[in-house]
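Here is the structure we will look at.
Read-outs throughout are calculated quantities, based only on the coordinates presented, and are distinct from any laboratory measurement. Because the structure is a prediction, the values reported are computed rather than measured. All Cβ positions, even for glycine, are placed from backbone atoms using ideal geometry, and neighbour counts span all protein chains on display.
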Amino acid sequence: MLIEFAGCTSSGKSLLAAGVTERFRAKGFALRNYGTTSSSLFVTGRNITAATNALPRLLFRGGAGLAHFRSTVASIRKRNLGAFWTCTRIAAAARLTAAHVNNTSRPSKAIINITDEGILTTISLALTGMDSPDRAEIAEFSQRSFIPDLIVFVDAPLADLMLRTRLRPDAPREVSRSDAEDLGTWLRSSKHAYQAVLKCDQFKNHLIRVWNPQARPEVVKANIDAFSNTLEQIIASWQPCSFPP
């Protein structure tokens, strides 16, 4: 069972995923968390380095992974971001798509596989920018997207997202020093992209929404408790579904 925590940068995905992982391991569940504490939406050398290995794997394997990557690249190019940011996002998309294909195709003894930076992160890479996507592009992107068994969409108020993003230790200078208007525009665009894609019909039977304001310890604990209880009920009746490998 693949569970992906999805949502805007700084919404609290990693914190919730780590809490759920700890809770279920304590109960004896076989669980693997292949998430990360940093965000692919920020410029890191890891994206560029990983892309050089990811692209040949995607081209060699073809199939749904390559189709998803091509769809993501086509949308990124429509955002008119300039050469540097376009290449940066394409590198991140290559890394994420290849990681998803690799992680979901190799044998695992884990009942539950969790990620907080999975294939759906490409939503923000592909559909945020100065030129917003129209409904037709969102629908086309959604049709070619991978669908995890369970999607946990973590959301928070825009003001909280802005504050947390500025305080991130891995935020580049372009983000940490951007003015409030530019940062707000980018995060608002990201929220809209996730909401628009995840409300498409093919996602709705796989979606749980979590509201995570202010990231106060009591709020995080309450969300971890509530989601863990819900997840136990889902696992009890879950049957493997047929999704792109």
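Quick notes on this one:
- Between N53 and D225, the modelled label-to-label distance comes to 4.2 nm, taking each label 7 Å out from Cα in the direction of the beta carbon.
- Spread of Cα-to-Cα distances over 10 Å intervals beginning at zero, given as percent, for the chain: 7, 32, 39, 19, 2
- Euclidean distance between Cα centres, segment 57-81 to segment 210-225, Å: 35 Å
- Span-rule helices in the chain, defined as complete DSSP H runs reaching 15 Å or more along the axis (Cα) with Kyte mean at least -1.0: 13-26, 45-61, 63-78, 83-105, 180-198, 217-237
- Here the spin labels are modelled as points 7 Å beyond Cα on the Cα-Cβ line, and at C200 and Q233 they lie 2.9 nm apart.
- In the chain, lysine pairs with alpha-carbon atoms under 25 angstrom apart (chain gap of 8 or more, or interchain): 13
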